[in-house]
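This report concerns only the one structure given below.
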Amino acid sequence: MNRADVTELHYITAIANVPSILRHGILSHTLAEQLAHDSVAMPEIQERRADKQIPGGRPLHQYANLYFDAHNPMLSKCRARNNEICVLWVDSSALDIVGVIVTDRNAARGAVRFYDVGTGLVALDRDRLYAEFWLHRNDRIEEDRHKALKCAEVLVPDALEAHFVIGAYVANQTAFSAFQQLDTGLPVRTRSDMFF
């Protein structure tokens, strides 16, 4: 994959968190813990992330994490909350921030690799990363690999400034109305194809 293939990045969050994000930015887990917020994270995954140290870098929880494609297993696991979550559309220029790290799969995974942006993009398979589905019914090992790749991350030290957030996607009309009521000024689009 190359830089031109990345037209936008994504951040999955509760709609209720958006005003705070527009004030403080998209925060690392460590910084977000200092503010009241509605987490969509799974506790067991956060436990694994808490123990991760990025080689040559900092603890994983000191990075804000974005996805290349939010149509992934994480968003699938949030489907029961479709009326109250959104995917923030993040400008791909976030890749140019000093210190950004790219992972080749979900950063909580045991075999994850951490790269600088240039090396990381080359290591990613564009077609598999942006594939609509990751299921391989006759090959569980391949399915597990593909599932992990779909959750490849862009890690930003500490926080991503709010000006990188340029819009939002929601699953349905209920979520659209909830987002509009916040009066954030951000454009919002219903993308049922992105959600599950």
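Are any residues in the stretch 120-151 closer than 19 Å to Gly56 by Cβ and either at pLDDT below 90 or in contact with a strand residue (DSSP E or B) (Cβ under 8 Å, 6 or more places away or on another chain) (or both), and if so, which ones? Even if it seems obvious, please write down each step before you answer.
Narrowing the stretch 120-151 to residues closer than 19 Å to Gly56 by Cβ: 120-123.
Gly120, Leu121, Ala123 - these are the residues of the stretch 120-151 that are closer than 19 Å to Gly56 by Cβ and either at pLDDT below 90 or in contact with a strand residue (DSSP E or B) (Cβ under 8 Å, 6 or more places away or on another chain) (or both).
Pairs only if they're at least six apart or on different chains, beta carbon under 6 angstrom, first in the stretch 3-18 and over 15 Å from Leu124 (Cα atoms), second part of a helix (DSSP H, G or I) and among the aromatic types (Phe, Trp, Tyr); list them, first residue then second.
Taking only residues 6 or more apart or on different chains, the pairs are Ile15/Phe179.
Thr103 is checked against (1) under 21 Å from Glu132 (Cα atoms); (2) more than 13 Å from the chain's Cα centre (by Cα); (3) surrounded by 14 or more Cβ atoms within 10 Å (Cβ to Cβ); (4) β-branched (Val, Ile, Thr) and fails just one. What number does that condition carry?
Thr103 satisfies all of (1) under 21 Å from Glu132 (Cα atoms); (2) more than 13 Å from the chain's Cα centre (by Cα); (3) surrounded by 14 or more Cβ atoms within 10 Å (Cβ to Cβ); (4) β-branched (Val, Ile, Thr) except (2).
Tell me the residue from Ala32, Ala41, Ala16 that is closer than 23 Å to Glu84 by Cα, surrounded by 15 or more Cβ atoms within 10 Å (Cβ to Cβ) and touching an Asp or Glu at 6+ places or on another chain (Cβ under 7 Å), please.
Values: Ala32 fails: touching an Asp or Glu at 6+ places or on another chain (Cβ under 7 Å); Ala41 fails: touching an Asp or Glu at 6+ places or on another chain (Cβ under 7 Å).
Only one candidate qualifies: Ala16.
Just checking, does the stretch 90-97 include any residue being over 21 Å from Val170 (Cβ atoms), assigned to a strand (DSSP E or B), of a type in the set (Ser, Thr, Tyr) and out of contact with any Cys (no Cβ under 7 Å at 6 or more places or on another chain)?
Among the residues of the stretch 90-97, not one is over 21 Å from Val170 (Cβ atoms), assigned to a strand (DSSP E or B), of a type in the set (Ser, Thr, Tyr) and out of contact with any Cys (no Cβ under 7 Å at 6 or more places or on another chain), which makes the answer no.
Limited to the stretch 150-185, what total is found for residues that are over 19 Å from the mean Cα position of the chain (by Cα), among the aromatic types (Phe, Trp, Tyr) and closer than 16 Å to His71 by Cα?
Counting residues in the stretch 150-185 that are over 19 Å from the mean Cα position of the chain (by Cα), among the aromatic types (Phe, Trp, Tyr) and closer than 16 Å to His71 by Cα gives 0.
The rows are residues; the columns are (1) assigned to a helix (DSSP H, G or I); (2) within 22 Å of Ala16 (Cβ to Cβ).
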{"site": "Leu35", "(1), (2)": "no, yes"}
{"site": "Val40", "(1), (2)": "no, yes"}
{"site": "Gln46", "(1), (2)": "yes, yes"}
{"site": "Arg49", "(1), (2)": "yes, no"}
{"site": "Gly56", "(1), (2)": "no, no"}
{"site": "Ala64", "(1), (2)": "no, yes"}
{"site": "Asp69", "(1), (2)": "no, no"}
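So, Gly25, is that one in contact (Cβ under 8 Å) with a residue 24 or more places away in the chain, of a type outside the set (A, V, I, L, M) and on the phi > 0 side of the Ramachandran plot or not?
Values: in contact (Cβ under 8 Å) with a residue 24 or more places away in the chain: yes; of a type outside the set (A, V, I, L, M): yes; on the phi > 0 side of the Ramachandran plot: yes.
It is true that Gly25 is in contact (Cβ under 8 Å) with a residue 24 or more places away in the chain, of a type outside the set (A, V, I, L, M) and on the phi > 0 side of the Ramachandran plot.
Would you be able to tell me the number of residues in the stretch 69-99 that are of a type outside the set (A, V, I, L, M, F, W, C) and either free of Cβ contacts under 8 Å to residues at least 60 places away in the same chain or more than 16 Å from Ala148 (Cα to Cα) (or both)? Write out each step before concluding.
So in the stretch 69-99, the residues of a type outside the set (A, V, I, L, M, F, W, C) come out as 69, 71-73, 76-77, 79, 81-84, 91-93, 96, 99.
Keeping just the survivors that are either free of Cβ contacts under 8 Å to residues at least 60 places away in the same chain or more than 16 Å from Ala148 (Cα to Cα) (or both) gives 77, 79, 81-84, 91-93, 96, 99.
Result for the stretch 69-99: 11.
The values are calculated or read from the model by the stated rules, or taken from the named source; none is laboratory data. Worth saying up front: this structure is predicted, and the values here are computed from it rather than measured. Neighbour counts are summed over all protein chains in view; Cβ atoms, including those assigned to glycine, are modelled from backbone coordinates with ideal geometry.
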